[in-house]
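Have a look at the structure below, then the notes.
The values are calculated or read from the model by the stated rules, or taken from the named source; none is laboratory data. All of these numbers come straight from a predicted model, not from anything done at the bench. With ideal geometry, Cβ positions are generated from the backbone for all residues, glycine too; neighbour counts draw on all protein chains shown. Side chains are part of the model used for accessible areas, which takes the heavy atoms of the whole protein and leaves out ligands, DNA and RNA. Shrake-Rupley method; radii C 1.70, N 1.55, O 1.52, S 1.80 Å.
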Protein chains: 2
Amino acid sequence: MIRETWESKAQIARDILAKSIKTEWLVPVDKLPGNHQLNVIFMAREAGILTEQELKITETDATGLVESMAAGEVKAEEVLIAFAKRATIGHQLLNFATEFMIDEALEEAKKLDAYFHKTGNIVGPLHGVPISVKEMVHFKDRRCHTAYVAWIDRVSPEDALLIRNLKKAGALFHVRTNEPQTVMHLDCNNNIYGRTLNPYNLNLTPGGSSGGEGASLGFRCAAIGVGSDIGGSVRAPAAFCGAYGLRPTMLRNPWKGVSLAGEGQESIRCTLGPLTNSLRDIDLFQKSVLDQEPWEEETSLVPIPWRTTERKDFVVGIMWNDGVAQTHPPMRRILDYGVNKLKEAGVKVVDWEPFEHARGGKITQALLFPDGGKSIRKALEASGEPIMPLSKFALNYAKEMNIAENWELNVERDKFRDQYHILMKERGVDFILCPTFVGAAPEHGTAHYWLYTSIWNLLDLPAVVFPSGFGVDPEINAVDGNFRPMNDIDKAEQMKYVPGKFRDAPLAYQLIGKHFRDEETVAAAQIVERIIRG
Amino acid sequence: MIRETWESKAQIARDILAKSIKTEWLVPVDKLPGNHQLNVIFMAREAGILTEQELKITETDATGLVESMAAGEVKAEEVLIAFAKRATIGHQLLNFATEFMIDEALEEAKKLDAYFHKTGNIVGPLHGVPISVKEMVHFKDRRCHTAYVAWIDRVSPEDALLIRNLKKAGALFHVRTNEPQTVMHLDCNNNIYGRTLNPYNLNLTPGGSSGGEGASLGFRCAAIGVGSDIGGSVRAPAAFCGAYGLRPTMLRNPWKGVSLAGEGQESIRCTLGPLTNSLRDIDLFQKSVLDQEPWEEETSLVPIPWRTTERKDFVVGIMWNDGVAQTHPPMRRILDYGVNKLKEAGVKVVDWEPFEHARGGKITQALLFPDGGKSIRKALEASGEPIMPLSKFALNYAKEMNIAENWELNVERDKFRDQYHILMKERGVDFILCPTFVGAAPEHGTAHYWLYTSIWNLLDLPAVVFPSGFGVDPEINAVDGNFRPMNDIDKAEQMKYVPGKFRDAPLAYQLIGKHFRDEETVAAAQIVERIIRG
């Protein structure tokens, strides 16, 4: 009986998705890749749905697209159709969408073209940029359920503030994207839409919780994506899918109009951040949003404008591993590669000995669920939908505490933040270059180790993820025969590395900056990327 | 038995105070005012302890003093002695100090003079400025108990960050000051030192919880004072004692190194703020502190420098009362006076209809004590000291809630903040001019109504208090025969107004600005004060 109820409710959301798909852009069955074909990136071209021009458009970053539209070389409509086609194929292969909004976006694209035709000007810095958005972010008059079956009836009364900011800057929205149950997995599976896949290797997760965004940007179904990050949920998907991502300092980006169980939890705040196809697009996104002074509506935000900046002559601390779980061989290899490139280029590089990440991990786990996970359980139990293994895993860390215990942990958190900051200053380290995860994207359902990303949420430091340009090559990345585990977690994570399973999975870097110095962090990442990738 | 224990412990702190007093500067008994003499402001002169030059020094604001010292007209030692003498008299009359530190301050003053003699320069923007500090703020190797008998053995390991900032700017610290039990009264009485009195009328409270600071600045025992404010604790004392005060936006001023029961409570944060003898001194204080980038040590602070600014052509909303408790006749009179002056000067003035302050008051009461006051009770019970009536009154509002209930109230708070801000914008109001309290300083033990100050803590708006220049004159401020109570609170507060009881008590204005626009608020207050007071 209960099963029927949640299933029928889930079906409402599935039907909305199904009806929103433009079937004329689907890949014919005979052209679909075979079961052996795990890397489906090539399908964008092979499907034969996109023209050469459309392929070129979808492989251009947002900054480039806006430049082309501003020069009158491409129309917004053309750009939108290209991405909409690619998103349709992407969804067919990866199951990343929760709802397409192509007709409405096309309508808006035509308005932009008319405006440009009439005035010769673009409407704003994101003129005609197609953006995909994690489902939990509100669109007026559309449902928003955050992957909880129980919430499927909820209709959003207005666009989220960030969406309104982006629209005003000229952005278009053609697709909403999948997220895992509880939005507390570095993975992407739920009872409504099921599992989203990684475009570089279907056996692997695209990451999470903004997993649909990872797949979207990885397959280039959108020029920019909007995800949320409380423990790595922007950065893991970006890293796992070969895209770029930013977790900004808390209280910089607008949050108003996002559905989350446990709203009002402020010990570690969730924040919205962009996934992109270039670092300069992160800058473009942030500037476009913050130039609109969202703090004038959402007053809890800190009114600091986005100050696009240069950052030179900095010292990079290299964190080879976090002292809790060692990285997989391919991750070590790309770090090594990057460090050599930086040294060759004359960048000052020092080793960064991680400071008590295990302690930080304990504080983080406690502060992510101080209500004992009750708000999440309540949302799950309201429909009776089954609780998935990774939800159980996450909630396993949830211990209900009282107010005084929460306060004590807030004090602990601040102390840890201060200590970490002072250590960076004492060691003369401006930025920390480190892995985003122990390795490349894990197999579905096995993303258990969050601390490479979540530690920076606790510390509230801006964190930028960017691709190394390398994927896992099983032939050159053998298992490390000399590996000696430091602890059980370390052992468990290392055991997961079976080279053949990770073929082609992208490998990413993470660059960490100082509190509220998001702009400098993005600027430094641009220099570091240029040096490492040439 | 328990009684003996807490009494003997309290005696330790009392002895420290007693030993720290320079008895040679005490007023001879025969020169002390008679019992009929409630306004003791005149005693600074009449006591015959201070020279004419010393009287002049203590009646100069900090900005003026630094100018004189920078010009070589006055020495830091001279300034320190003048204020130390006045503070000694002030304490004798008002019982405002918890510890004098005159010898150490004199030592430092001499170093400043030597530096100036050698270089011709002052060491910093607060060169030689004597500052009094609320007891709860840490001084290295000195005890800090926050008026809890149980905490008297606690010795601070280092100076509070704010103290270090101020020292670096050249400030001197000659006296620490009294605060009420629980630091949650708009009054100033505790089991250790007893009651602090109002220099303008000994039957009235100097306010609280920074009541010692109110008395200190009111009697000009220091050029600047440091208080803390979570519900009005800087502003009520400043207003009640004829001084100036600022509650800055949260997370601007350093907080590290303050003892408070319930540390880690972040729903409504307590913040340190200055009490001064002029508005320009608030600007001087804030700039001197924030120029030192305290966020480089206390990383939870927002890194926004103090941007001294001009503010012209603004609209002032006049909040005649808060819709919950009407003001006393003298308060209405000075508001009326001020509004007329502003209108005459061509300032755009509109009425500000308060927006749901009763609702705000409920949220505030709940969020000030979400642990049900347990942390406070624990600190009280640890010594067995008696709980005072105003502590019982405050704790009466304390209802223990669980984490989820706290989160819901956080959401409610943010919604209220956003609504209030948008209303100010819609009505075109830049600043709100309003009372700091229903009237002048209340009688001891009767300060029950916080909402004229605490509402701005909930809203996290910067609030500046400045004196009207008028005190209560019972002859012209009769009871309002036409008063009709709106509710029981309103009735109770109005009943307290018996004109003769409030003779000479200062009347103050409060100016409210927008979130993080502290600088503009201080700048606007300067213009408003200049217009009203000529």
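Some notes on this structure:
- Rounded FRET efficiency, nearest 0.05, which uses the C-beta distance separating B:Lys56 from B:Arg269 and R0 of 41 Å: 0.55
- Restricting segment A:415-480 to GluC sites (Glu not before Pro) that sit in a DSSP loop and have at most 10 other Cβ atoms within 10 Å of their own Cβ leaves A:Glu475.
- Shortest-first distances to equivalent copies, position A:Thr309, nm, label 7 Å out along Cβ: 2.0
- Amide N proximity, segment A:477-521 versus A:Asn203 label position 7 Å along Cα-to-Cβ, cut-off under 15 Å: A:479, A:496-506
- Whole-angstrom gap from segment A:153-179 to segment B:369-442, using each part's C-alpha centre: 35
- Distances from A:Gly346 to itself in the other copies, using label points 7 Å out along the Cα-Cβ axis, amount to 6.0 nm in increasing order.
- Total lysine pairs whose alpha carbons fall under 17 Å of each other in segment B:359-427 (8 or more apart, or interchain): 7
- Cα gyration tensor shape for chain B, rounded if a/c is under 1.5, else prolate or oblate: rounded
- Per-residue accessible area (protein heavy atoms, 1.4 Å probe) orders A:Lys118, B:Lys399, B:Lys140, A:Lys341 as A:Lys118, B:Lys399, B:Lys140, A:Lys341, starting from the largest.
- Label zone at A:Val498, where the point sits 7 Å out along the Cα-to-Cβ direction: segment A:184-219 residues whose backbone N lies under 14 Å: A:203-204
- B:Trp352 contributes an accessible area of around 10 Å² to the protein surface, as traced by a 1.4 Å probe with all chains present.
- Each Lys or Arg adds one and each Asp or Glu subtracts one; over the other residues with Cβ under 9 Å from the Cβ of A:Thr299, this totals -4.
- The B and A chains share an interface that buries close to 3100 Å² of accessible area, total over both sides, probe 1.4 Å.
- Accessible surface ranking that places the most exposed of A:Met401, B:Met424 first, with a 1.4 angstrom probe: A:Met401, B:Met424
- 3J(HN,Hα) along segment B:131-137, derived from phi through the Karplus expression 6.51 cos²θ - 1.76 cosθ + 1.60 where θ = phi - 60°, amounts to 10, 9, 9, 3, 4, 5, 8 Hz, with x in place of Gly and Pro.
- Sequence-distant residues sharing a close amide H with A:Lys140 (under 5 Å, placed H): A:Asp159, A:Ala160
- Beta bridges assigned by DSSP with both partners in the protein assembly as shown are antiparallel in approximately 65 percent of cases.
- Cα gyration tensor, segment A:315-533 - rounded (a/c under 1.5), prolate or oblate: oblate
- Average beta carbon contacts from partner chains per residue of B:413-421, 10 Å cutoff: 3
- Two-site FRET efficiency, A:Ser8 against B:Glu344, from Cβ-Cβ distance with R₀ of 51 Å, rounded to 0.05: 0.10
- Within chain A, percent of DSSP bridges classed antiparallel, to nearest 5: 65
- Probe 1.4 Å - accessible area at B:Asp504, Å² to nearest ten: 60
- Distances in nm from B:His36 to the matching label points in the other copies, shortest first (labels 7 Å along Cα to Cβ): 11.2
- Once all protein chains are placed together, A:Asp159 keeps about 20 Å² accessible to a 1.4 angstrom probe.
- Surface composition of the protein assembly as shown: carbon plus sulfur atoms hold 51% of the accessible area, using a 1.4 angstrom probe and ignoring ligands, DNA and RNA.
- Every helix of 4 or more DSSP H residues in chain A counts as -39500 (n - 2.57), and over all residues that averages to -12000 deg cm²/dmol at 222 nm.
- Those residues of segment B:275-308 for which accessible area with every protein chain present is at least 30 Å² below the isolated value (1.4 Å probe): B:Glu296, B:Glu297, B:Thr299, B:Ser300, B:Val302, B:Pro303, B:Ile304
- Shown are A:Glu78, A:Glu54, whose ranking by accessible area with a 1.4 Å probe and every protein chain present, most to least, is A:Glu78, A:Glu54.
- Calculated FRET efficiency, A:Glu310 to A:Ile476, Cβ-Cβ distance, R0 = 51 Å: about 0.90 to the nearest 0.05.
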